[in-house]
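Heads up, the thing below is written out as structure tokens.
The values are calculated or read from the model by the stated rules, or taken from the named source; none is laboratory data. A quick note: this is a predicted structure, and the numbers were derived from the prediction, not measured. Don't worry about glycine lacking a Cβ; one is built from the backbone with ideal geometry, like all the others, and counts go over all protein chains shown.
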2 protein chains.
Amino acid sequence: MEFDKFHVEDAEGWELRNRRMLFDHPYIKIEEIDYHTPNRPDTVTWTIALRKSAVCVAPQLEDGRFLLIRQERYPVRRVLWEFPAGQIDLVERRTEQDVILNTVHRELAEETGHGLSAGGEIFPLGYYFSSQGFTDEHIYLFLARGVELLPEGRSPDADENILDCQPFTPEELRAMIRDNEIRDANTLGLFARLCAHGYVS
Amino acid sequence: MEFDKFHVEDAEGWELRNRRMLFDHPYIKIEEIDYHTPNRPDTVTWTIALRKSAVCVAPQLEDGRFLLIRQERYPVRRVLWEFPAGQIDLVERRTEQDVILNTVHRELAEETGHGLSAGGEIFPLGYYFSSQGFTDEHIYLFLARGVELLPEGRSPDADENILDCQPFTPEELRAMIRDNEIRDANTLGLFARLCAHGYVS
């Protein structure tokens, strides 16, 4: 698995000079940060929201259909069809790659009740920034090709309120994206990478 | 132009019961909000970041190539190739559709130095939520098919520090997405919609 090339590395010549915490909350922290960049002589000050990174996974059944979950999303006040996703909790004494992959398997099991089949495989598809002028949040993208129902079924976090989980053909997925029915950055970003890699035509 | 169907309407049965401002800043506001939803009896409390909505546009030249800009992005501490985008400033006594379309033309001119040609056309491609568990931020997506260089050229906002603007063939765009070189939600989300509509194959 070519995992390393997709790691979020520090860009060359960028330097964080000062940081001031403006708002400190378990889920969102706001900092005002002074940056030196390789492209301008002066220091730039920017206000940014700090967030945990996350994973999003496209679970594909043996028959080629993709699993989507239907989840209540409070900040946007609606229920959305989307690929399963979850934040990464860094655990000490484990490599970052292990923690990220564990999060993929955990979200797959909790949100869809599925796990990788004997012949299944996880393909890393890079990452993306959810709003690059506003937050450092980034999401690692994966294809889980060959998933099957686990004996214990779904066990979603009660707070998340996942209402449904259903399989969709690639053609149905494409139509939902075209018609604005799928409208979250995770699912659109993952679909873009699946298209660019030729995993969906 | 079928613009109305892509409007971010209030979803049925959702009700905002109480809101408490936790952090008030010109670019980011944080509120704690109590929601009633159609799917559960109890009220849900969630902490969300409030942000202006924005537009992102894929400018396509007569020869089929797409314009990308190369922009310094402080929160993620790197320079990214991306489609031009900008926040919407609501103006009184104008319809929301007019204001959104004006923002498309403004960003196209400022960031790429291009405008719609005589035979050019703007296609609305819906919207997406950048991080639906965290913020109400949403971005309207557009294809500007048939753009040409304006006599006055680019006039980017100095704070944004746009370093370059170049055309790329659809094949080059696809390769940059596949290789994780393009990695922002705007450009990935717009590419997903372009694929789903058949504007790129």
(request) Return the total of residues in the stretch A:1-40 being part of a loop (DSSP other than H, G, I, E, B), facing chain B (nearest Cβ under 7 Å), within 26 Å of the chain's Cα centre (by Cα) and modelled with pLDDT of 85 or more. (result) 4
(request) Test residue A:137 against the stated conditions and say whether it is surrounded by fewer than 20 Cβ atoms within 10 Å (Cβ to Cβ) and in contact (Cβ under 8 Å) with a residue 24 or more places away in the chain. (result) no
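Table: residues versus (1) out of contact with any Ser or Thr (no Cβ under 8 Å at 6 or more places or on another chain); (2) under 27 Å from residue A:54 (Cα atoms); (3) outside any strand (DSSP E or B).
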| residue | (1), (2), (3) |
| --- | --- |
| B:143 | yes, no, no |
| B:148 | no, no, no |
| B:152 | yes, no, yes |
| B:155 | yes, no, yes |
| B:171 | yes, no, yes |
| B:180 | yes, yes, yes |
| B:200 | yes, no, yes |
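Residue by residue, here is whether (1) of a type in the set (Lys, Arg); (2) under 20 Å from residue A:15 (Cβ atoms) holds:
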| site | (1), (2) |
| --- | --- |
| B:52 | yes, no |
| B:55 | no, no |
| B:61 | no, no |
| B:66 | no, no |
| B:80 | no, yes |
| B:83 | no, no |
| B:87 | no, no |
(message) Being under 29 Å from residue B:83 (Cβ atoms), surrounded by fewer than 15 Cβ atoms within 10 Å (Cβ to Cβ) and among the hydrophobic types (A, V, I, L, M, F, W, C): is that true of residue A:118 here?
(response) no
(request) For residue B:153, state whether it is more than 27 Å from residue A:180 (Cβ to Cβ), touching a residue at least 40 places away in the same chain (Cβ under 8 Å) and surrounded by fewer than 16 Cβ atoms within 10 Å (Cβ to Cβ). (result) yes
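Mind checking which residues of the stretch A:80-119 are charged (D, E, K, R) and part of a strand (DSSP E or B)?
So the first thing to find is which residues in the stretch A:80-119 are charged (D, E, K, R), and the list is A:82, A:89, A:92-94, A:96, A:98, A:106-107, A:110-111.
Scanning the stretch A:80-119 gives a single hit, A:82.
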(request) Kindly provide the set of residues from the stretch B:53-66 that are modelled with pLDDT of 95 or more and under 15 Å from the mean Cα position of the chain (by Cα), ordered by number. (result) B:54, B:55, B:56, B:57, B:58, B:59
(message) For the list (1) of a type outside the set (Val, Ile, Thr); (2) closer than 16 Å to residue A:186 by Cβ; (3) at the interface with another protein chain (Cβ under 10 Å from one of its Cβ atoms), I need the number of the one condition that residue A:68 fails.
(response) (3)
(message) So in the stretch A:89-115, with the set limited to residues that are in contact (Cβ under 8 Å) with a residue 40 or more places away in the chain and within 13 Å of the chain's Cα centre (by Cα), which one is farthest from residue A:172 (Cα to Cα)?
(response) A:100
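Can you give me the number of residues within the stretch A:41-51 that are surrounded by fewer than 15 Cβ atoms within 10 Å (Cβ to Cβ) and either at pLDDT 90 or above or within 21 Å of residue B:27 (Cβ to Cβ) (or both)? Let's see the steps before the verdict.
Let us first name the residues in the stretch A:41-51 that are surrounded by fewer than 15 Cβ atoms within 10 Å (Cβ to Cβ), namely A:41-43, A:45.
From what's left, either at pLDDT 90 or above or within 21 Å of residue B:27 (Cβ to Cβ) (or both): A:42-43, A:45.
Residues that pass the stated criteria total 3.
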